[in-house]
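Written below as C-alpha cells is the structure these notes are about.
The values are calculated or read from the model by the stated rules, or taken from the named source; none is laboratory data. From a predicted model like this one, the values you see are computed outputs, not experimental measurements. Here the Cβ positions follow ideal geometry from the backbone for every residue, glycine too, while neighbour counts run over all protein chains shown. Note: areas computed on protein heavy atoms with side chains; ligands, DNA, RNA excluded. Shrake-Rupley method; radii C 1.70, N 1.55, O 1.52, S 1.80 Å.
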Amino acid sequence: MHRVYNTNEWSCRRARPPGVLAIRSANQLETRALRYFQTVAECGSYSRGAELLRISQPAVSRQIGKLEDELGTRLFQRHSHGVNLTGAGQILLERCQAVLRELEQTTQEIRNGAQGPSGSIALAVPPAAAHFLVPALVQRFGARYPNVFLKLVGGFSGHIHEWLVRGQVDISCLHDPLPQKGFEITPLLREEVFLVGQPGARLLDRAQIRIADLADIPLIVPSRPNASRRLLDTWVARTGVTLNIRAEADDHSIIRAMIRAGIGYTLLTQGAFELDRQHGTVAAVRFRPRAYWPLAIVRASGAPLGTSRSDMLDRFHETIREAARDLARSGVWPCVLIDR
C-alpha cells in the first residue's frame, strides 16, 4: 500500500499481522510526550500539532509541560504565529527523532517475528533522481521484503546532508557528496545537466551552449551550500565568468514555476524537467562540453556489523545499486553509469 504525504515524501507500509498485540514502552508517558514534542516542533505550532495528532491542544500542552518540568528547561519559545525551538529543544529534537525511529524499528521486528526481515528504512533523494529511481526501487525492494516500511523524502542536497547528520534518515542519494568522517560514499552514476528555460528563447534554439554563455542570462539557482550550486560555482570559476543570479530558490517546484513564467533560466538534470518539456512548458539545451552532476549513495558507517539493522540497510543499499544499474543500462534513466 502506498500513501502520499506531500509532493516530496512517499511511504509504503504493510498491514499489521492479525492477532499481534501492540508493544508498549516501559515508560509510556515519556514516549508519548516525546512524540507530541516532535510533532509540535515539526509543525511549529501547538494548535497545528494537536490537529495532526487528533487530540486536544490542552492535552498536548500538558504533556510537553511535564517534559519541560522533567528536563528543567523550556523547549519552545512562543511567538504570535506559533513556536520556535529553544537551544535545548533543538538538541532534544535531534536526539528524539533517532530514538523514536529506533523504537518503531524494534516494535516492527518484534511484531513480525519469524515472518522475515522487518522494520523501517528512511531514504532521502533529490527529486530529479527520485523521478527515475524511486518507483523501481520501491517495487523491487517491496517484493523482496514486504514487511519493511519505507519512507522516502525528497530534497536538495543541503537539506539531505543535514537529515543524515541528525539521524533523521538512514541512507541517501546525494549529488557530489563531500567526504565526511562517519559516513561512507558509494559512487553511483553521473546525470547530464541542461540549461532550461521558457520555450521560444533564442538561447535554447542552439544545438549546444558553453558555460561562458551563462554570463549573459538571468539565472535562478539553489543557494549555497547545495551541491548543484557548488558544482556550478566550480565550473564558472574555471572560466572566469561572473554569473547573473536573478534569484535563489531551494525548491524545485518554485524554480520550475519561475522558469515557466519566463523569469530566467536554470540548470537541471533531465528528471527534473522532463514532464514539463513533454507538456511544452519548458525547453532545454545541452552544454558543450557536456556537463554532469555525480550521484552517490551516502550512509552512516557506524552501525554494528552483523545486526539485523545493519543487514537490512546493506540489502537496501545493494537494491539501490541494482535498480540504478538496470535503469541506466536500459536507457530509462539517461546517465553515465559509474557503479558497474
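Among residues of the stretch 299-316 that are modelled with pLDDT under 90, those with a beta-carbon under 8 Å from a residue that is β-branched (V, I, T) and not in a helix (DSSP H, G or I) at least six positions away or on a different chain give the pairs M312/I121; M312/V148. For the stretch 247-273, how many residues meet the condition of being assigned to a helix (DSSP H, G or I) and out of contact with any helix residue (DSSP H, G or I) (no Cβ under 9 Å at 6 or more places or on another chain)? Counting residues in the stretch 247-273 that are assigned to a helix (DSSP H, G or I) and out of contact with any helix residue (DSSP H, G or I) (no Cβ under 9 Å at 6 or more places or on another chain) gives 3.
Against the list (1) outside any helix (DSSP H, G or I); (2) open to solvent by less than 30 Å² (accessible area, probe 1.4 Å); (3) over 19 Å from R230 (Cα atoms), the condition D276 fails is (1).
If you filter the stretch 238-256 down to residues that are small (G, A, S) and within 16 Å of A128 (Cβ to Cβ), you find that the one that is surrounded by the fewest Cβ atoms within 10 Å (Cβ to Cβ) is S253.
Which one of T266, T319 is open to solvent by less than 20 Å² (accessible area, probe 1.4 Å), within 19 Å of P199 (Cβ to Cβ) and within 22 Å of the chain's Cα centre (by Cα)?
T266
Before we move on, is R340 part of a loop (DSSP other than H, G, I, E, B), at pLDDT below 90, of a type in the set (D, E, K, R) and over 20 Å from V193 (Cβ atoms)? Spelling it out, R340 is indeed part of a loop (DSSP other than H, G, I, E, B), at pLDDT below 90, of a type in the set (D, E, K, R) and over 20 Å from V193 (Cβ atoms).
Does V285 satisfy the criteria of being aliphatic (A, V, I, L, M), at pLDDT 90 or above and within 17 Å of P334 (Cβ to Cβ)? Yes; evaluated as a whole, the condition is true for this residue.
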